[in-house]
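K.L.:
Would you mind keeping the following structure in view while I ask a few things?
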Amino acid sequence: MEVLYRDLALSFEGRDKVLGEFLIKFTADRPGILAALSNVFADHGINILNISVNRNQLLLHFIVDLTNTDTSLNDLEKEFKKFSFVEWVRYRVVEREAFMVPSMIMPTFMDRQVLILELDRVKDLLSNENFRRLIRNLGASDASALRNSNISELVKIGQFRGLGRVMLVERDGVITIRSCSELGDKHVIGELMIEYYVGFLSQALGREVEVAGRSYEGDCVSVSFRVLK
């Protein structure tokens, strides 16, 4: 399956290591910033474990392995500040702990703070109508935020809601959304897809939809929706 599984990196194994996290504020978004900062780490034997960027906040977040560095943190900070595009640098270091949990970064979606639930913990909630309504409302909210574009592209936002790799087929008034994932329970994903895309499609199309059928094949589940007149 040609898709990258991206771990949210809630913790990093740190036994016998010196791990650090750096938060760097830059003054303007322009080409070469990430490369320049990454090269500073590389020049001092520092391995980058994870990078995140928020271009709205103009912030770069690095998780690094400092175990074999040849410089001090103070000198490293001075090197970063030599760049005209660096406004400030914040960092912290955790030495030889079993795990380091990054504390300078928050999980967001569309710049809104999110609560992350593992898929297998959602399974028992599917029997709760209030939970299912919440998923429908989430789909409608996403469609409202992403209106005025091709529906076959928009439905892929469900991929970032944890619904697997999403594809759309539209034929004879029936919309079929197919989701594939080697990591997820396809039956749980199928139930979540029904609620999410009923809300999503109804909002995006401006018309009610109903489930016309579902099928399972390998690691994939397909759910068909009929647009009501």
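The values are calculated or read from the model by the stated rules, or taken from the named source; none is laboratory data. These numbers were taken from a predicted model, which means no experiment stands behind them. We place every Cβ from the backbone using ideal geometry, glycine too, and count neighbours over all the protein chains shown.
K.L.:
Exactly one of (1) farther than 21 Å from Glu118 by Cβ; (2) modelled with pLDDT under 95; (3) not aromatic (Phe, Trp, Tyr) is unmet by Lys186. Its number?
P.N.:
All conditions are met except number (1).
K.L.:
Looking only at residues in the stretch 22-43 that are within 17 Å of Asp70 (Cα to Cα) and not hydrophobic (A, V, I, L, M, F, W, C), which one is farthest from the chain's Cα centre (by Cα)?
P.N.:
Among residues in the stretch 22-43 that are within 17 Å of Asp70 (Cα to Cα) and not hydrophobic (A, V, I, L, M, F, W, C), the one farthest from the chain's Cα centre (by Cα) is Asp43.
K.L.:
Which of the following residues is over 21 Å from Ile105 (Cα atoms) and among the basic types (Lys, Arg): Arg15, Arg55?
P.N.:
After ruling out the rest, the residue left standing is Arg15.
K.L.:
Suppose the filter is in the same structural domain as Leu183 (by TED's automatic domain parsing), of a type in the set (A, V, I, L, M, F, W, C) and at pLDDT below 95; does Val53 pass it?
P.N.:
no
K.L.:
If you check Val94, Val101, which single one turns out to be closer than 30 Å to Gly14 by Cβ, assigned by TED's automatic domain parsing to the domain that holds Phe26, surrounded by 14 or more Cβ atoms within 10 Å (Cβ to Cβ) and touching a residue at least 60 places away in the same chain (Cβ under 8 Å)?
P.N.:
Val94
K.L.:
Within the stretch 129-140, can one find any residue that is closer than 30 Å to Gln203 by Cβ, assigned by TED's automatic domain parsing to the domain that holds Leu163, surrounded by fewer than 11 Cβ atoms within 10 Å (Cβ to Cβ) and modelled with pLDDT of 90 or more?
P.N.:
So far as the stretch 129-140 goes, yes, one or more of its residues are closer than 30 Å to Gln203 by Cβ, assigned by TED's automatic domain parsing to the domain that holds Leu163, surrounded by fewer than 11 Cβ atoms within 10 Å (Cβ to Cβ) and modelled with pLDDT of 90 or more.
K.L.:
Here is a follow-up. If you go through the stretch 143-184, how many residues are outside any helix (DSSP H, G or I) and surrounded by 15 or more Cβ atoms within 10 Å (Cβ to Cβ)?
P.N.:
Adding up the residues that qualify gives 16.
K.L.:
Also, I was wondering about something else. Restricting the search to the stretch 109-138, which residues are without any contact (Cβ under 8 Å) to a residue 24 or more places away in the chain and part of a strand (DSSP E or B)?
P.N.:
Once the filter is applied, which keeps residues that are without any contact (Cβ under 8 Å) to a residue 24 or more places away in the chain and part of a strand (DSSP E or B), the stretch 109-138 yields Arg112, Gln113.
K.L.:
Say we look at the stretch 59-95 and pick out the residues that are assigned to a helix (DSSP H, G or I) and out of contact with any Gly (no Cβ under 8 Å at 6 or more places or on another chain); which of these is farthest from Asn39 (Cα to Cα)?
P.N.:
Residue satisfying both the conditions and the ranking: Asn74.
K.L.:
Restrict the check to the stretch 34-43 and report whether at least one residue is under 20 Å from Ile105 (Cβ atoms) and part of a loop (DSSP other than H, G, I, E, B).
P.N.:
No, that holds for no residue.
K.L.:
On to the next question. Take the stretch 181-215 and flag every residue that is charged (D, E, K, R) and farther than 20 Å from Asn130 by Cβ.
P.N.:
Residues satisfying the conditions are Glu182, Asp185, Lys186, Arg207, Glu208, Glu210, Arg214.
K.L.:
Find the residue count for the stretch 202-221, including only residues that are free of Cβ contacts under 8 Å to residues at least 40 places away in the same chain and either in a strand (DSSP E or B) or not assigned by TED's automatic domain parsing to the domain that holds Leu146 (or both).
P.N.:
9
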